[in-house]
1. Hey, can you tell me all the residues within the stretch 35-58 that are open to solvent by less than 90 Å² (accessible area, probe 1.4 Å) and not in a helix (DSSP H, G or I)?
2. In the stretch 38-76, how many residues are without any contact (Cβ under 8 Å) to a residue 12 or more places away in the chain and charged (D, E, K, R)?
3. Residues Leu61, Leu25, Leu32, Leu80: which one is within 15 Å of the chain's Cα centre (by Cα) and open to solvent by 90 Å² or more (accessible area, probe 1.4 Å)?
4. Give me a count of the residues in the stretch 59-82 that are touching a helix residue (DSSP H, G or I) at 6+ places or on another chain (Cβ under 9 Å) and either modelled with pLDDT of 95 or more or in a helix (DSSP H, G or I) (or both).
5. Contact list please: Cβ distance under 6 Å, first residue in the stretch 1-23 and farther than 15 Å from Arg71 by Cβ, second residue assigned to a helix (DSSP H, G or I), pairs at least six apart or on different chains.
Amino acid sequence: MRGDLLKLAQEAIQTVLFVSAPMLLISLIVGLIVSVIQAVTQIQEATLAFVPKIVAVFLSLLIFGPWILGRVTEFSHKILSNINLYVY
């Protein structure tokens, strides 16, 4: 019982990391590019760093959305099909 719950928690954390990784990595790359451009041009506008990251995350959600939905659906199906293992 306890081992099953620990495995479930491990799979949940792994799923969250895999699902959030594309948006985080794209946001990191866009933020780095914008920071370099700001450093070179000496333009220190806060919205210049914020808006491109929001747009990049939105586009990455559109691109990776089906994959994310598939991973979350697979994890949910695994939990619901084995629910008798987690209930007393």
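The values are calculated or read from the model by the stated rules, or taken from the named source; none is laboratory data. What you see is a predicted model, and the numbers here were worked out from it, not measured in a lab. With ideal geometry, Cβ positions are generated from the backbone for all residues, glycine too; neighbour counts draw on all protein chains shown. Just so you know, the surface numbers come from the protein's heavy atoms only, side chains and all, with ligands and any DNA or RNA stripped out. Shrake-Rupley method; radii C 1.70, N 1.55, O 1.52, S 1.80 Å.
1. Scanning the stretch 35-58 gives a single hit, Ile43.
2. The qualifying residues number 2.
3. Matching residue, one of Leu61, Leu25, Leu32, Leu80: Leu25.
4. Going through the stretch 59-82 one residue at a time, the tally reaches 13.
5. Here the result reads Asp4/Leu85, each pair linking the stretch 1-23 to a residue that is assigned to a helix (DSSP H, G or I).
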